[in-house]
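Please treat every number below as a calculation from the coordinates, not as lab data. A quick note: this is a predicted structure, and the numbers were derived from the prediction, not measured. FYI the Cβ positions are ideal-geometry reconstructions off the backbone, even for glycines, and counts take in every protein chain you see.
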Amino acid sequence: MRPYDERFASLLGHAARVFAQQGYHSTTMRDLAAASGMSLAGMYYYVKGKEELLYLIQERCFASVLEGATQAVARSADPAERVQAFIHHHVAFFAAHMAEMKVLSHEANSLTGDLKRRVNAIKRRYVDLLEGLLQGVAPDETPVDRSAAAYGLFGMMNWMYNWYDPAGEIHPQRLADLIARIFLGGFAEARSTVHGG
C-alpha cells in the first residue's frame with residue numbers, strides 16, 4: 001500500500017504545481033503526465049480525469065488545514081490566543097503548501113456538481129471554525145460583521161501567494177504574528193469605536 005500512497009501523493013503534488021502555474025482550464029492531462037513523469041494510463045489508474053485531480057487536491061488540503069487548525073485552537077481557552085493559533089496554523093500551512101493554496105484560491109469555482117458540494121462543505125466547516133473563534137473575541141458583534149471579518153482575514157492570509165517567499169526575509173512565524181497583530185488590533189479597535197468604548 002505504501003508505494004501506491006507515495007506515488008499518488010507525488011501525482012497530487014505535481015498536479016498542484018502545474019495547476020498553480022498554468023491554471024486548471026489551460027492544463028491538459030498530457031501536461032500533468034509530463035510533469036509527474038507518469039504515463040497517461042498510469043494517471044488514469046488513480047483518477048478518472050483532471051477534475052478529480054483538482055477535487056482531490058482541494059479536498060485533501062481543506063481537510064488537512066481544518067484538522068490542524070482544530071487541534072491548534074484546542075490548546076488554549078483564551079479567545080484571542082485561539083484566533084492567534086488559527087492564524088499561525090493557517091500561515092504555516094500556507095507557507096508549506098504554496099502551490100496547493102494558490103489552487104484553492106484560484107480554482108474555487110472550477111469544480112462542478114457533487115465534487116464542488118463536497119469541497120464547499122469542508123470549506124464551510126473551516127469558515128465556521130474561524131467565525132466561532134471571532135465570536136469568542138467579540139461576542140457582541142453581529143453575525144454579518146463576524147462573517148465579513150472572517151473573510152477579510154482570509155483575504156489577508158490567502159493573498160500571500162502573490163508576494164510571499166517562504167525562503168525570504170520574513171519567517172512564516174513572524175508573518176503570522178504580524179497578521180495576528182494587525183487583525184486583532186484592528187478588529188478590537190473597530191469594535192470599541194462602533195460600540196463606544
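Positive end of the dipole of segment 1-140 (Cβ unit charges, origin at the Cα centre): among 129, 28, 113, the Cα lying farthest that way belongs to 28. The magnitude of the dipole of segment 54-194, with charges of +1 and -1 set on the Cβ of Lys/Arg and Asp/Glu and taken from the Cα centre, is near 340 debye. In the list (1) 11.0; (2) 12.7; (3) 9.6, the label attached to mean projected area of the Cα convex hull in nm² as derived from the coordinates here is (2). Relative to the longest principal axis of the Cα atoms of the chain, the long axis of helix 143-158 lies at roughly 50 degrees. Relative to the first principal axis of the alpha-carbon coordinates of the chain, what is the inclination of helix 50-73, with its axis defined by its Cα atoms, in degrees from 0 to 90 and to the nearest 10? Helix 50-73 sits at roughly 30 degrees to that axis.
Please work out the FRET efficiency for the pair residue 177 and residue 120, using the Cβ-Cβ distance as r and a Förster radius of 35 Å; give the result to the nearest 0.05.
Numbers: r = 31 Å, r/R0 = 0.88.
After rounding to 0.05, the efficiency reads 0.70.
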